[in-house]
Amino acid sequence: MTAYEKLRIARTTGRPTGRAYIDSLFTEQVFLHGDRRYGEDGAILGGIGYLERLPVTFLAIEKGQDLQDRLARNFGCPKPEGYRKALRLMKQAEKFGRPVLCFVDTLGAFCGADAEERGQGLAIAENLLEMAGLTVPILTTVIGEGGSGGALALGVADRVYMLENAVYSVISPEGCASILWKDSAKVEQAADCLHITAEDMLRFGVAEAVFPETFDRFPQMCEQIKNRYLQDLSELLSKPIGQMLEERYQRFRKIGIFTENGEA
Amino acid sequence: MKFLTNLLSKLSGKDEAPLICKSCKTEIPAKVARKNDYLCSSCGKYLRFGGRRRIQWIADEKTFQEISPNLSSQDFLQFPNYAQKLWEAENTTGEKDAVVCGTAKIKGNPCVIFAMEPDFIMASMGSVVGEKITRAFEYALEHQLPVLGFTASGGARMQEGIVSLMQMAKVSAAVRRHSDAGNLYLTVLTDPTTGGVTASFAMQGDIILAEPGALVGFAGRRVVEQTTGSNLPKDFQRSEFLLQHGFVDEIVSRSKLKETIALLLRMHNREVRI
């Protein structure tokens, strides 16, 4: 399957969105709203729930179910208040020692004038800075689209997982085609060149594992995912915090391909 | 064919490449520009300049010592035209990539300094930029030095795919460690600072200064206009707009920049006690 075909699948309407994973993975959820600074952003769902017997904080970028819902959620393109809500709930999780589980599905951070006025760049930058030092485990799963900085703002994690057909990209293939070739029709080529598939993420050390998509047996699929989370969380929680943070640091520290004095 | 002319002038032993004013398109010899604090000698507007020139301009004479000068980008995705673009950029700027890092003194105050080079593929951030700035912060942490960063960037370097996006996280983590140890990070936003650089280390400074009129934003103006569906005010995403909205500490003119930076560095000198 080509990268473009995967991109199309990742964007299919009717594919399970953030809410479906929250409902399937966590019991007794309490949803929490607002950034306590400016407002509430429906593009990011957040709250507390149980992963088996373990209370966790969940954060999910939600594209919406039907047209009305999608409009209310800005089609899953978060604004600064969404990222600030996410940060607030992450800091809350840190205070109470709860692991953070993030679900990413976005074309990217919202690019409107209001988002710029309220500091979209700063909001993402602060999440990157804070997540780098958050003293509880962070697990991030890309369930559909992982669009650029808007996805990374929930992606500075100890473990990153990709759904089988999920994609993760520095820029949308449309944006890339438009900037480089002044031709948004070259999306297929751009998707290919950008290397956005789950296998690419494994290859570049961006993700640790790929979850097979068996949406027709969604509860069973989530059961498998849950087992993986529990396994990785028990490993992370057994480590001294300093070691976990050092490993998180090194996880990103080693990403980069270059030569020094002509040597790779 | 700018790179060809520059290459020729380099080979023929002439001076470094001239600067071109974005406002009035006048070509200004490098020496003249330097003498004039990088203001256009024809229209008085700010010239776009960065990298090595920026460091030479701001640092005390003969104090700059470069960190990791020999890192080069690789076309590891075999991305169309990337190898060609790298070659051209190298020849246009004489740099191996889009950032210059090192140690320097500003009016006697030691710091780690980095300055991005807008003429190198729009100072986009790929593996080399990410690695060099990360090393600069790690060096500063090890030696308990403040970091002074001049940002300018078109954003993440898409020719390096997801690896370029991850540089945002990598640098941010290094900024965090440097900050947790109580060290100062001072950023100066210069024209243009956009995309993934704005969404990471440009906005992570303890103190954020900006040059007058510098374009600073996350999304590009054209994209925002398309999304918003209306025309934007003229000063949209300019440093004055950012100051008004509370995102930069101060706008400082070039004539005041060196003394302002020196003062801030001095105020954060950790060895001074009553």
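The values are calculated or read from the model by the stated rules, or taken from the named source; none is laboratory data. Source: prediction; values computed, not measured. Quick reminder, even Gly has a Cβ in these numbers, built from the backbone with ideal geometry, and neighbours come from all protein chains shown. What goes into the accessible areas is simple: the full protein's heavy atoms, side chains included, and nothing from ligands, DNA or RNA. Shrake-Rupley method; radii C 1.70, N 1.55, O 1.52, S 1.80 Å.
At least 2 residues being farther than 14 Å from A:L154 by Cβ and open to solvent by less than 40 Å² (accessible area, probe 1.4 Å) is the threshold, and among the strands (runs of 3 or more DSSP E) wholly inside region A:17-74 those reaching it are A:44-51. The residue pairs whose first member lies in region B:246-259 and is on the phi > 0 side of the Ramachandran plot, whose second member is surrounded by 13 or more Cβ atoms within 10 Å (Cβ to Cβ) and modelled with pLDDT of 95 or more, and whose beta carbons are closer than 9 Å, counting only pairs six or more residues apart or on different chains, are B:G246/A:G119.
Among the residues that make up region A:134-157, is at least one of them farther than 26 Å from A:A20 by Cα, open to solvent by less than 10 Å² (accessible area, probe 1.4 Å) and over 10 Å from the mean Cα position of the chain (by Cα)? Yes, the conditions are met somewhere in region A:134-157. Here B:C43 fulfils each of the conditions (1) modelled with pLDDT under 95; (2) within 14 Å of another protein chain (Cβ to nearest Cβ) apart from (2). Taking the criterion of being surrounded by 22 or more Cβ atoms within 10 Å (Cβ to Cβ) and either touching a Phe, Trp or Tyr at 6+ places or on another chain (Cβ under 9 Å) or modelled with pLDDT of 95 or more (or both), would at least one residue in region A:212-224 satisfy it? Looking for residues that are surrounded by 22 or more Cβ atoms within 10 Å (Cβ to Cβ) and either touching a Phe, Trp or Tyr at 6+ places or on another chain (Cβ under 9 Å) or modelled with pLDDT of 95 or more (or both), one finds none in region A:212-224, hence no.
Within region A:103-130, if we keep just the residues that are part of a helix (DSSP H, G or I) and acidic (D, E), the residue that is surrounded by the fewest Cβ atoms within 10 Å (Cβ to Cβ) turns out to be A:D114. Scanning region B:31-45 for residues that are surrounded by 15 or more Cβ atoms within 10 Å (Cβ to Cβ) and closer than 13 Å to B:Q56 by Cα yields a count of 3.
Region A:143-253 holds strands (runs of 3 or more DSSP E) entirely within its bounds, and those carrying 2 or more residues that are within 14 Å of another protein chain (Cβ to nearest Cβ) map to A:159-163, A:167-169. The set of residues in region B:128-158 being open to solvent by less than 10 Å² (accessible area, probe 1.4 Å) and more than 16 Å from the chain's Cα centre (by Cα) consists of B:A140 alone. The residue that is least open to solvent (accessible area, probe 1.4 Å), among those in region A:254-264 that are assigned to a loop (DSSP other than H, G, I, E, B) and of a type outside the set (S, T, N, Q), is A:I255. Total residues in region B:158-193 satisfying the condition of being under 23 Å from A:E116 (Cβ atoms), at the interface with chain A (Cβ under 8 Å from one of its Cβ atoms) and of a type outside the set (A, V, I, L, M): the figure is 3. Within region A:239-249, identify whether any single residue is more than 26 Å from B:R177 (Cα to Cα), out of contact with any helix residue (DSSP H, G or I) (no Cβ under 7 Å at 6 or more places or on another chain), of a type in the set (A, V, I, L, M) and surrounded by fewer than 19 Cβ atoms within 10 Å (Cβ to Cβ), and answer yes or no. Within region A:239-249 (the criterion being more than 26 Å from B:R177 (Cα to Cα), out of contact with any helix residue (DSSP H, G or I) (no Cβ under 7 Å at 6 or more places or on another chain), of a type in the set (A, V, I, L, M) and surrounded by fewer than 19 Cβ atoms within 10 Å (Cβ to Cβ)), the answer is no, since none of the residues qualifies. Please go through (1) crowded, with 24+ Cβ neighbours inside 10 Å; (2) in a helix (DSSP H, G or I) for A:R88 and return the number of the only condition it doesn't satisfy. Status for A:R88: all satisfied but (1).
Considering only residues in region A:173-191 that are under 16 Å from A:E5 (Cβ atoms) and within 21 Å of the chain's Cα centre (by Cα), the one that is surrounded by the fewest Cβ atoms within 10 Å (Cβ to Cβ) turns out to be A:E174. Inspect region B:55-63 for any residue being open to solvent by less than 80 Å² (accessible area, probe 1.4 Å), of a type in the set (A, V, I, L, M, F, W, C) and part of a loop (DSSP other than H, G, I, E, B) and give the result as yes or no. Within region B:55-63, one or more residues are open to solvent by less than 80 Å² (accessible area, probe 1.4 Å), of a type in the set (A, V, I, L, M, F, W, C) and part of a loop (DSSP other than H, G, I, E, B). Inspection of region A:77-95 identifies no residue that is of a type outside the set (A, V, I, L, M, F, W, C), touching a Pro at 6+ places or on another chain (Cβ under 8 Å) and within 28 Å of A:L233 (Cα to Cα).
For region B:177-195, residues that are of a type in the set (D, E, K, R) and in contact (Cβ under 8 Å) with a residue 24 or more places away in the chain total 2. The single residue among B:G220, B:G229 that is open to solvent by less than 50 Å² (accessible area, probe 1.4 Å), modelled with pLDDT under 95 and in the same structural domain as B:L148 (by TED's automatic domain parsing) turns out to be B:G220. Residues that are farther than 17 Å from B:G205 by Cβ, within 12 Å of chain A (Cβ to nearest Cβ), open to solvent by 10 Å² or more (accessible area, probe 1.4 Å) and in contact with a Ser or Thr (Cβ under 9 Å, 6 or more places away or on another chain) are absent from region B:97-117.
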